[in-house]
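The block underneath contains the structure these notes are about, expressed in structure tokens.
The values are calculated or read from the model by the stated rules, or taken from the named source; none is laboratory data. Since this is a predicted model, take the numbers as computed values, not measurements. Neighbour counts are summed over all protein chains in view; Cβ atoms, including those assigned to glycine, are modelled from backbone coordinates with ideal geometry.
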Amino acid sequence: MPSAPQTPRRMRVVGGVLGGVLRPASPHAHAQAAEGAVAPPTPLRLRFNMVVEAEVVPSTPRPVEAQDDANALRGPTRVIVVDTDSEDEADDNGQRQDGAANEPLDGNDDAIDGDFDIDGANPPRGPPPEYTPYTPTGIPMVKRYLPTPPSELHVFDGPCFLLTTAQETGVFQFERELLPRIAGLGRAAVWEYRRSRADAVEIYTAAYEAGQVFAIPLEGSDFVNNPFEWVPDVHPNVVHRDADEGYYPDPDHMRRPRGMYKFYFVKRGEEVGVFGSWHEAAIRIKSLRGKGAAWKRYWLYVDAKRAYRRAFYLDELAATPIIGGQFDIHAPRGF
């Protein structure tokens with residue numbers, strides 16, 4: 001009596017591999033076996049089950065209280081920041097100085113002996129236009145986003161964030177307003193904490209009138225529909241003067257910046273000196289990022305001036321302005 005057909009069996013293979021249905025050998029294989037030939041191995045279908053576990057870590061920086069004015073940050077909705085500005089004291093020629101950030105903020109690991117962090121970040125490009133118009137002479141045009149005019153800055157009381165290079169510029173009271181406006185820009189963003197709105201507005205207005213405020217919305221952000229204008233897409237050659245032609249203020253004639261409470265010593269930049277806001281320092285090293293710029297923040301003016309005096313007499317300063325640029329002068333200036 002013939003036996004009933006059997007249910008196909010499945011195999012479990014060590015390591016999590018599941019075997020499919022075993023296929024019977026073909027009649028041809030049986031004939032070969034009968035003749036003394038070696039039968040080929042039975043084909044086996046395998047199905048792999050893979051489980052991937054991942055831990056998602058938020059990218060928002062861990063907030064800590066600002067270092068320069070903790071008393072001004074009372075209350076859960078006031079500004080709570082990682083640092084008081086968008087940059088740490090650093091230069092392009094070396095390692096970390098005491099008081100600098102714990103980790104470099106860019107991907108350049110080619111450190112050499114020196115004082116501070118490596119730098120070399122490239123500012124991101126803005127969003128591409130939907131189409132490219134041309135001037136009557138055939139020069140392509142690009143969008144230039146317009147920074148917020150001083151007359152349209154938010155009105156409030158208390159400490160705030162000052163943004164002079166961001167996806168949207170201005171002064172903002174809360175961290176939740178700051179973060180989306182600097183997201184994705186890395187070191188191209190220039191922002192800082194100020195103790196009062198009046199203080200921030202004074203710096204922002206001077207920078208705006210000097211043409212030093214830049215809006216850089218990124219493609220897909222909430223700011224790409226902000227006001228803009230079409231300008232010719234021209235890229236003039238940028239040539240810096242030799243350091244021997246730079247201007248070096250006499251430390252005995254330097255005066256403390258009025259009303260300031262943190263100070264930036266620019267050692268190598270388009271213009272050297274001691275300045276009372278991160279914006280003033282950042283605009284002077286912007287074109288020299290990755291080319292030898294050096295700067296450091298101090299909480300006391302006397303310390304910043306002492307560092308400048310030492311570098312002045314040791315001939316360690318280097319003022320190399322862009323030829324024809326806003327710092328290509330040979331007289332003291334403000335912004």
Is it true that some residue in region 146-160 is modelled with pLDDT of 95 or more, closer than 22 Å to Ile285 by Cα and outside any loop (DSSP other than H, G, I, E, B)?
no
Sole miss for Val266 among (1) over 24 Å from the mean Cα position of the chain (by Cα); (2) within 25 Å of Ser196 (Cα to Cα) is condition (1)
Checked region 270-302 for anything more than 18 Å from Gly211 (Cβ to Cβ), surrounded by 24 or more Cβ atoms within 10 Å (Cβ to Cβ) and either of a type in the set (A, V, I, L, M) or in contact with a Leu (Cβ under 7 Å, 6 or more places away or on another chain) (or both); matches are Val272, Val274, Ala293, Ala294
Leu314 vs (1) surrounded by fewer than 24 Cβ atoms within 10 Å (Cβ to Cβ); (2) modelled with pLDDT of 95 or more; (3) touching a Phe, Trp or Tyr at 6+ places or on another chain (Cβ under 6 Å): all pass except (3)
Filter region 199-229 for residues that are touching a Ser or Thr at 6+ places or on another chain (Cβ under 8 Å) and part of a strand (DSSP E or B); the one that is surrounded by the fewest Cβ atoms within 10 Å (Cβ to Cβ) is Phe214
From the option list Arg268, Arg258, single residue qualifying as among the basic types (Lys, Arg), assigned to a strand (DSSP E or B) and more than 17 Å from Thr165 (Cβ to Cβ) is Arg268
Counting only residues in region 233-252 that are under 15 Å from Phe312 (Cβ atoms) and either of a type in the set (Phe, Trp, Tyr) or touching a residue at least 12 places away in the same chain (Cβ under 8 Å) (or both), the one surrounded by the most Cβ atoms within 10 Å (Cβ to Cβ) is identified as Gly246
In region 271-329, anything under 19 Å from Met254 (Cα atoms), among the charged types (D, E, K, R), assigned to a helix (DSSP H, G or I) and in contact with a Gly (Cβ under 9 Å, 6 or more places away or on another chain) is listed as Glu280, Arg284
